[in-house]
Each structure stands twice: as structure tokens, then as C-alpha cells.
Amino acid sequence: MEFTRRFHGAVLGGLFGVAGLAQADPVVMEWTRTYVFPPYTYGAMVAVDHDGDVLSVGAAPGASDLITIKYDAAGNTLWERHYSMDGFSLRATWVAVDGAGNVIVTGYPQTFSSNPTAVGLLTLKYDSDGTLLWDDFYAATRGSTTRAIVDATGNIFVTGTAWFGTYDYVTIKYTPGGTRAWVDVLDYQGGFHTPTSMDLDANDNLLVAGGGPAGNGMLTVLYDTNGTRQWVDARPGTGGFGVKWTHDGDFYVTGSLWSQATSEDVRLLKFNANG
């Protein structure tokens, strides 16, 4: 009987939810845009600037191009830019917009082969009109960028992974003009780790989270604005797939943890500023 009551509750809740949806305003697709660049193209990430314009980044690996397109809020193309590197196929990973409307794009080049190998972290910065302001390539064995974030003064933080005997975190801070302010390579106890998320607090301390296979843990590191590690934390689990700073100074990090009884479970960690 207990099972029946719970089942009925779930069904009734679902029915009420459907009824609520039925009474709401219908969802309207305002516009859709399809971009084709032979031989094949894929989209990686979108961002929205303070004017409501939409930045879309992707790549046509077969043609070696990393592609950035800016649309206005009505879906009209404002500009389109292609970036390539001789001898490599490019992949796009992230796009961010700073307070001035400049566009930061990350990705990585890889070799042309049946088993392509990534060769480093690539960062581009365009102004709001699509002029390429600077580009920077950090060459590294099997190196690739995963994401980027921008602080209030336009400094850019990029993180990714590369092979230094193991897969390690690679985090770079750029000045607005494209100078590398600092680079840190984090190898924690020889584990294979890839950063997957990052966030900044009110003082521009940078939290980077990620991990690797379950046995290598969830790996979280906090940097001050000068690139000095404040603390490193590793725990059983996989991921660090999302991280969020809260205005009370704490950080939340999410990932997963394997349990023999329940298989893969959600794991949520909360850190204070001291780790």
C-alpha cells in the first residue's frame, strides 16, 4: 500500500504539472539559424552580450576553420569571422564576452590524422565589431582548452589540460591586451585530471574544478589574482563539472561519486574560502 500511495502521488503530481503547462502561454520559436561550411560544421558554445546580441562559436574541422558569428537579437548576422592555423584542424570550446563587448574565443588545434592529437591551448580576442585584437597559442603535448572567464576589468582566465607525464591542469591569466600574466600547471599526485569548470569571486580569486576517473578524484584549486595557489583539494569522485561562487564567500562544486550500492551518484561539495 505504501508503494501504491507513492505511485499515485507521483502520477497526480505529473498530471497537475501537465495541466499547469497546458494553461501557460505556448512556447514560440522566435528564430533559428543554420550555418553550413563544407565539408562539415559543428557548434560548440553561445554567449550573449550586454546589447542582447548572440555570439556563436564552432568549427569546420575538415576545413581547418574556427568560426565565430555575431547575431543581433532578431537573428540577423552582424559579422562572421574565420580563424585557421596552417597544418592543423581547429576545435572550438568556449566563448565569453567582457564588459566592453569584446569576444573571447577558446579552442585548440589538432593534427590531421585518423587519430588526431591536440597540440595546445588557443585563445582569441575580437572587439565588438569582429576585429581580431590578438591571438595566443600555448603549445603543449595533447593540450586543449576547456573554458574561459573574464573579470570586471577585462582580464581573461583560460583553463585546459595537457600532457606532462600525466594529464595536468593548465591555467593561464591574460591581461586585456593579451599578455600572459601567469601560467600554472597543476599536477596533483600524478593523477590524470582535466578541468571542467571555473568561477571568480568578488576579489578575482579563481576557482578551477575538474577531475578524472573516479579513483583520481574531484580536484579543486583556488588561485589568488597573482596566480598563487591558495589551496588544492582532492576527493573521491569524478568531475567538478560545475562550480559556483556565492556572495557569502563560499564555493559549490558538483560532480559524481561511485557507490557499490547505488552506482553513480550526484556529489555536491561546499567549500569556504579557506578550502
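Brief remarks on what is shown
- Condition check for Phe112: among the aromatic types (Phe, Trp, Tyr) and outside any strand (DSSP E or B): yes
A quick yes/no check of all residues on (1) in contact with a Ser or Thr (Cβ under 8 Å, 6 or more places away or on another chain); (2) crowded, with 21+ Cβ neighbours inside 10 Å:
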{"position": "Val119", "(1), (2)": "yes, yes"}
{"position": "Asp129", "(1), (2)": "no, no"}
{"position": "Asn155", "(1), (2)": "yes, no"}
{"position": "Thr166", "(1), (2)": "no, no"}
{"position": "Gly177", "(1), (2)": "no, no"}
{"position": "Trp182", "(1), (2)": "no, no"}
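- Strands (runs of 3 or more DSSP E) within the stretch 124-218 that include 2 or more residues among the β-branched types (Val, Ile, Thr) and closer than 25 Å to Gly99 by Cα: 144-150, 156-163, 167-174
- Of everything listed in (1) at pLDDT below 90; (2) among the hydrophobic types (A, V, I, L, M, F, W, C); (3) within 30 Å of Tyr174 (Cα to Cα), the single unmet condition for Phe3 is (3).
- The residue of the stretch 226-238 that is surrounded by the most Cβ atoms within 10 Å (Cβ to Cβ), among those that are part of a loop (DSSP other than H, G, I, E, B) and either at positive phi or in contact with a helix residue (DSSP H, G or I) (Cβ under 6 Å, 6 or more places away or on another chain) (or both), is Gly237.
- Checking each residue in the stretch 199-225 for being surrounded by 23 or more Cβ atoms within 10 Å (Cβ to Cβ) and within 30 Å of Gln260 (Cα to Cα) picks out Val208, Ala209, Gly210, Gly211, Gly217, Met218, Leu219, Thr220, Val221.
- Condition check for Asn115: surrounded by fewer than 23 Cβ atoms within 10 Å (Cβ to Cβ), free of Cβ contacts under 8 Å to residues at least 12 places away in the same chain and not small (Gly, Ala, Ser): yes
- Residue within the stretch 124-131 that is of a type in the set (Ser, Thr, Tyr) and more than 22 Å from Thr179 (Cβ to Cβ) present: no
- Residue check for Asn115: of a type in the set (S, T, N, Q) and over 20 Å from the mean Cα position of the chain (by Cα): yes
- Residue within the stretch 93-111 that is within 19 Å of the chain's Cα centre (by Cα), farther than 27 Å from Tyr71 by Cβ and of a type in the set (A, V, I, L, M, F, W, C) present: no
- Unmet requirement for Leu90, which otherwise passes all of (1) in a loop (DSSP other than H, G, I, E, B); (2) without any contact (Cβ under 8 Å) to a residue 40 or more places away in the chain: (1)
The values are calculated or read from the model by the stated rules, or taken from the named source; none is laboratory data. Small disclaimer: the values here were computed from a predicted structure and weren't measured. For neighbour counting, all protein chains shown are included, and Cβ atoms are generated from backbone atoms with ideal geometry for every residue, glycine included.
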